[in-house]
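Q: Dropping a structure here in structure tokens format, bear with me for questions.
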Amino acid sequence: MSKATLLEIKNIFLIVIGILSAGMGIKGYLLSSHFIDGGVTGISMLLNNIFGWPLYVLLPVINLPFVILGYYQMGLKFAIKSSGAILGLALCLAFIPYPDITPDKLLTALFGGFFIGLGIGLAIRGGAVLDGTEIAALLVSKSSGTLKVADVILILNIIIFGTAIFFLGVEPASYSIVTYFAAAKTIDFLLHGLEEYTGVTIVSEKSDAIKAAIVDELQRGVTVYSGKGGHGKRGESVSENEIIFTVVTRLEIGRLQTLIKAIDENAFIIQHSINDMQGGMIKKMPMH
């Protein structure tokens, strides 16, 4: 088999496991307690609670417009995979007899959110979606020019949970918010992992020693820029320094700061989170 074929098999496997996991979260935990999730899934569950319409019908029907948008935004392959994933989830809810796991409301909210987040995250890793919210948010964000994708999702969920308070009551809506946060954190963990990366920029007169410490003790690669610093009201006094840039995990930030301060207490350090990164010296350099 070619690498492309093996990759597609892996992606399909991830989507199938994601479907089963999301089905467990919805049917095994949330439905019996009348809790909902956020996004399109939450809208479907809310309508199911209010009107009694079958959830396995609502999910594909409400997601259909977003899958069509996904076709125009991300192509036919994405739309086909997402359609299959959403229909698969609908079939799971219709035919698989998931057990009702627990009557405990807090456990229901936490684990229901976990399994839904696990399912959505695995489906995304497989190149599909189980919930069309992010497609809609992406389109609105591009159209408005001022709202970010995260802002659109937040506004949508505020509307959903506000409506849930009115129709379901304060307690179920409150637990539903817990469910949403549990799902969101699980998705974030699956997509970004434990090793969330942080970009660090360092300006110091002792850049050579700092570079050596980063490479030798942290086994991380560095990128070096030439820079000039201006001082005074008009920047008349100009000093030339090397600017060091490196990428570390959040677990290594404290150690990196300690190394830098031991060499130069006056070093100028800037840190910023990195949402995504490809190529380069991402993993630690091998020891010799």
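Q: If only one of Ala128, Ala90 is in contact (Cβ under 8 Å) with a residue 60 or more places away in the chain, crowded, with 20+ Cβ neighbours inside 10 Å and of a type in the set (Gly, Ala, Ser), which one is it? First the steps, then the outcome.
A: Working: Ala90 fails: in contact (Cβ under 8 Å) with a residue 60 or more places away in the chain.
It is Ala128.
Q: So Ser44 passes all but one of these: (1) without any contact (Cβ under 8 Å) to a residue 40 or more places away in the chain; (2) small (Gly, Ala, Ser); (3) touching a Gly at 6+ places or on another chain (Cβ under 8 Å). Which condition number does it fail?
A: It fails just one condition, (3).
Q: Quick one: in region 93-106, which of the residues that are touching a residue at least 24 places away in the same chain (Cβ under 8 Å) and assigned to a helix (DSSP H, G or I) is nearest to Pro172 (Cα to Cα)? Show your work before the answer.
A: From region 93-106, those touching a residue at least 24 places away in the same chain (Cβ under 8 Å) are 93-94, 96, 98-103, 105-106; that's our starting set.
The next check asks that each one be assigned to a helix (DSSP H, G or I); those that pass are 93-94, 105-106.
Values: Leu93: 21, Ala94: 24, Lys105: 9, Leu106: 11 Å.
For region 93-106, the residue satisfying everything is Lys105.
Q: Moving to a separate point now. Hey, which of the helices (runs of 4 or more DSSP H) in region 1-91, taking only ones fully inside, have at least 3 residues that are touching an Asp or Glu at 6+ places or on another chain (Cβ under 6 Å)?
A: Output list reads 39-51.
Q: Next up: Identify all residues within region 57-78 that are surrounded by 21 or more Cβ atoms within 10 Å (Cβ to Cβ) and modelled with pLDDT of 90 or more; write none if there are none.
A: Those that are surrounded by 21 or more Cβ atoms within 10 Å (Cβ to Cβ) and modelled with pLDDT of 90 or more: Leu58, Leu59, Asn63.
The values are calculated or read from the model by the stated rules, or taken from the named source; none is laboratory data. Please read these numbers as outputs of a predicted model, since none were measured by experiment. Virtual Cβ from ideal backbone geometry, glycine too; neighbours counted across all protein chains shown.
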